[in-house]
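Have a look at the structure below, then the notes.
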Ligand SMILES: [Zn+2]
Ligand SMILES: [Zn+2]
């Protein structure tokens, strides 16, 4: 299994617009960070974890030209507002890209980005739009997504709860990991907390 980090920045991205702190003024390339997203790959199949605002730039930079499904952690803007960039992938496949996530996230995406999910909204001839089909995941219930078995684990994040994911030897959690759910992550070979 291969994990590619697309971005590891804060919700603002680093540097932050208008900030003159030492990190934002740093010349170190490690202080240039786009918003959080990742790709998990196994046996030629790829899952995209979240669609951050810089998705196009991130996929170009990593040479990743197709993904088989998108799995969302939560619906905050820094994790979702690059959803339009899946258009470049969905136009090269028949049917929409399957999109998975918590019920509230799928509902929020359908509301905010209706054109992505509504098959009755057709683009004008010669134009295109992103196409996706939403699927709700339940906490603790393993889901088969392509060749992957994905187990959502609910964790607190600010005022809401978000999904972390256990995918084979990998756990991907974009929030604080409470001690009481640590057992869900036993036997990990890779742990990426608080990305
Ligand atoms: Zn700063
Ligand atoms: Zn968030």
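Each value in this text was obtained by applying a stated rule to the coordinates, not by laboratory testing. Worth saying up front: this structure is predicted, and the values here are computed from it rather than measured. When we count neighbours, we look across all protein chains shown, and the Cβ atoms used for this are built from the backbone with ideal geometry, even at glycine.
Work out, step by step, the length gained on full extension between residue 133 and residue 31: first 0.36 nm times the residue separation, then minus their alpha carbon distance; give nm to one decimal.
Details: separation 102, 0.36 × 102 = 36.72 nm, distance 3.57 nm.
Taking residue 133 through residue 31 to full extension adds about 33.2 nm, to one decimal.
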Antiparallel %, DSSP beta bridges [both residues in the chain], to 5: 65
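Taking the mean number of other Cβ atoms within 10 Å as a proxy for protection, how do you rank 107-116, 62-71 from highest to lowest? Write out the running numbers ahead of the final one.
Details: 107-116: 15.3, 62-71: 16.9.
In descending order of packing, they fall as 62-71, 107-116.
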Give me Rg/Rg_expected for region 2-192, where Rg uses Cα atoms only and Rg_expected = 2.2 N^0.38 Å with N residues. 1.04
Tell me the mean residue ellipticity at 222 nm calculated for the chain from its helices only (DSSP H runs of n ≥ 4, each -39500 (n - 2.57), averaged over every residue, nearest 500). -4000 deg cm²/dmol
